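Have a look at the structure below, then the notes.
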Amino acid sequence: MAIDAATRRQILDGVDRLARERIAPRAAEIDATDRFPEDLYRAAGELGLFGLWIPEEYGGIGPDLVTPLLVSERIAQASASFALSFSNCGDAVTPIVHAATERVKRQWLPGIARGEFIPAFSLTEPQSGSDAASIKSTARRDGDHYVINARKMWCTNGSVAHVYTVFAKTDPEAGHRGVSAFVVPRDAEGIRVGRDEPIIGLRGSPTTELAFEDVRVPLDARLGDEGQGFKIAMITLDEARLNCSAMALGTATAALELAVAYAKERVQFAKPIIQHQGLEFLLARLAAELSAARALWEKAIVMLETSRSPETGVHCAMSKLMATETAMRVTTECVQAMGANGLSRNNPLERMMRDCKPFQVFDGTTQIQQLLIGRYLQKNGVPRTGGPFG
Ligand SMILES: Cc1cc2nc3c(=O)[nH]c(=O)nc-3n(C[C@H](O)[C@H](O)[C@H](O)COP(=O)(O)OP(=O)(O)OC[C@H]3O[C@@H](n4cnc5c(N)ncnc54)[C@H](O)[C@@H]3O)c2cc1C
């Protein structure tokens with residue numbers, strides 16, 4: 001169900017208020033303490049934001065593609081870290097919405113919609129990152145249960161989650177066709193929640209190591225059929241890439257606003273530094289690059305709303321590539337534009353620059369996006385369609 005324009009406006013007004021009044025004042029502290037802000041997660045739940053991915057019959061108001069992307073972009077302007085804490089719910093819950101059994105949907109979706117249960121998506125392993133089909137985790141059938149043995153890494157919201165979407169091989173010899181997906185409650189016996197990795201940016205959004213030792217789940221905890229796990233992981237990928245683009249664009253927009261405001265005030269050589277052409281042209285270019293990346297993101301969203309074709313997929317990859325590269329450049333140059341002040345830990349810009357680096361790594365690295373675009377070029381040529389003029 002797509003959300004109508006008036007409802008979307010109302011939701012975004014609520015998000016803007018939440019971002020201005022509650023998230024922005026906490027952003028520096030979340031980064032400094034590297035602590036997940038549970039109260040903000042609850043507040044987002046009270047606004048109904050987690051219900052955007054969930055159908056009405058399970059307590060949500062969705063699923064809607066566009067609104068959560070716009071929400072992520074707005075939250076990222078206040079705190080990129082909390083934008084990830086929010087938007088990761090979409091990556092984790094969408095496989096449940098698409099492929100879980102009725103019992104599992106009824107067990108988890110209403111609580112996730114209210115923000116009471118936090119879901120997490122666990123695919124990556126110590127030896128398997130970009131090459132996701134090479135995971136080593138296994139799920140062995142034993143009577144009316146599966147027995148899962150897995151070591152997982154870098155699971156966003158892993159240490160605060162109540163339920164995991166876990167990928168493991170039911171047929172270790174069958175490559176990506178041997179991967180299956182399971183919904184596993186955190187309190188299942190045999191789960192060890194490891195430490196959160198201290199990373200350079202997006203601090204306060206936990207990225208966690210997980211171990212599953214002989215964890216038993218009933219057969220109906222499986223998502224879809226055996227062997228469909230890889231396909232299920234891919235369902236969320238186009239959307240996840242546009243979400244990552246949203247967070248990158250939001251963070252870069254906030255950085256550029258700060259740098260422009262500073263450059264209008266800061267006087268050197270008897271005039272505001274923005275009036276020195278060297279800096280004026282730099283900021284002008286950043287604004288143009290950001291706007292171009294935003295236009296590509298908007299085009300990819302429109303395409304994804306209408307079809308999930310290879311052409312749409314390549315646009316999602318191009319959007320992720322351009323938005324995250326642009327955000328890294330914009331935030332780095334904005335730090336430069338503020339001189340020594342840009343480097344101070346008391347200035348939000350250095351945090352924004354650190355926050356942008358992980359965007360180039362998760363949901364497929366920069367190189368993986370280029371690989372996908374390159375493969376498309378070899379098979380189909382230059383992608384041309386999908387714009388407002390056909
Ligand atoms: C903040 C954060 C949150 C994350 N959240 C989650 C999550 O919730 N769930 C989850 O399952 N995972 C998560 N991840 C893991 C993320 O998906 C992986 O880090 C990512 O897929 C890259 O894998 P890797 O880090 O193992 O790098 P590798 O795959 O080892 O890559 C290392 C380098 O080699 C390059 N490379 C690899 N293959 C190729 C190739 N074929 N051609 C050219 N270059 C190549 C890469 O681009 C990279 O530069 C998260 C990671 C981060 C940083």
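The values are calculated or read from the model by the stated rules, or taken from the named source; none is laboratory data. Just so you know, these numbers come straight off a predicted model, no measurement behind them. All Cβ positions, even for glycine, are placed from backbone atoms using ideal geometry, and neighbour counts span all protein chains on display. Just the protein is used for accessible areas: all its heavy atoms, side chains included, with ligands, DNA and RNA removed. Shrake-Rupley method; radii C 1.70, N 1.55, O 1.52, S 1.80 Å.
Here is how the numbers come out for the structure above:
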read-out: Candidate set from segment 173-185 (those that are farther than 21 Å from Asp214 by Cβ and not aliphatic (A, V, I, L, M)); member that is surrounded by the fewest Cβ atoms within 10 Å (Cβ to Cβ); value: Glu173
read-out: Whichever residue in segment 119-140 is β-branched (Val, Ile, Thr) and not in a strand (DSSP E or B) and, among such residues, is nearest to the ligand (Cβ to nearest atom); value: Thr124
read-out: Single unsatisfied condition, Asp220 versus (1) outside any helix (DSSP H, G or I); (2) more than 16 Å from the ligand (Cβ to nearest atom); value: (1)
read-out: Subset tally (residues that are among the aliphatic types (A, V, I, L, M), surrounded by fewer than 23 Cβ atoms within 10 Å (Cβ to Cβ) and under 24 Å from Pro37 (Cβ atoms)) for segment 145-165; value: 2
read-out: Cross-chain or 6+ apart pairs with Cβ under 6 Å, segment 141-159 first and in a loop (DSSP other than H, G, I, E, B), then away from the ligand (no atom under 16 Å from the Cβ); value: Asp144/Leu219
read-out: Scope segment 186-196; condition in a loop (DSSP other than H, G, I, E, B) and either of a type in the set (Phe, Trp, Tyr) or open to solvent by 50 Å² or more (accessible area, probe 1.4 Å) (or both); matching residues; value: Arg186, Asp187, Glu189
read-out: Among residues of segment 361-375, those that are surrounded by 15 or more Cβ atoms within 10 Å (Cβ to Cβ) and not hydroxyl-bearing (Ser, Thr, Tyr), counted; value: 8
read-out: Enumeration of residues in segment 300-312 that are open to solvent by less than 50 Å² (accessible area, probe 1.4 Å) and within 16 Å of Leu69 (Cβ to Cβ); value: Ala300, Ile301, Met303, Leu304, Thr312
read-out: Only listed residue being buried (at least 18 other Cβ atoms within 10 Å of the Cβ), hydroxyl-bearing (Ser, Thr, Tyr) and in contact with a Phe, Trp or Tyr (Cβ under 8 Å, 6 or more places away or on another chain), chosen from Ser87, Ser81, Ser72; value: Ser72
read-out: Flag if Val15 is assigned to a helix (DSSP H, G or I), out of contact with any strand residue (DSSP E or B) (no Cβ under 9 Å at 6 or more places or on another chain), of a type in the set (Val, Ile, Thr) and buried (at least 22 other Cβ atoms within 10 Å of the Cβ); value: yes
read-out: Condition check for Asp238: within 16 Å of the ligand (Cβ to nearest atom) and among the acidic types (Asp, Glu); value: yes
read-out: Residue count, segment 332-382 (criterion: among the polar types (S, T, N, Q) and near the ligand (Cβ under 10 Å from one of its atoms)); value: 6
read-out: Per-region count, segment 223-242, residues outside any helix (DSSP H, G or I) and open to solvent by less than 40 Å² (accessible area, probe 1.4 Å); value: 4
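Residue-by-condition table, conditions (1) aliphatic (A, V, I, L, M); (2) assigned by TED's automatic domain parsing to the domain that holds Ser72; (3) crowded, with 22+ Cβ neighbours inside 10 Å; (4) closer than 23 Å to Gln77 by Cβ:
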position: Cys244; (1), (2), (3), (4): no, no, yes, yes
position: Ala259; (1), (2), (3), (4): yes, no, yes, yes
position: Glu265; (1), (2), (3), (4): no, no, no, yes
position: Ala270; (1), (2), (3), (4): yes, no, no, no
position: Gln277; (1), (2), (3), (4): no, no, no, no
position: Ala293; (1), (2), (3), (4): yes, no, yes, yes
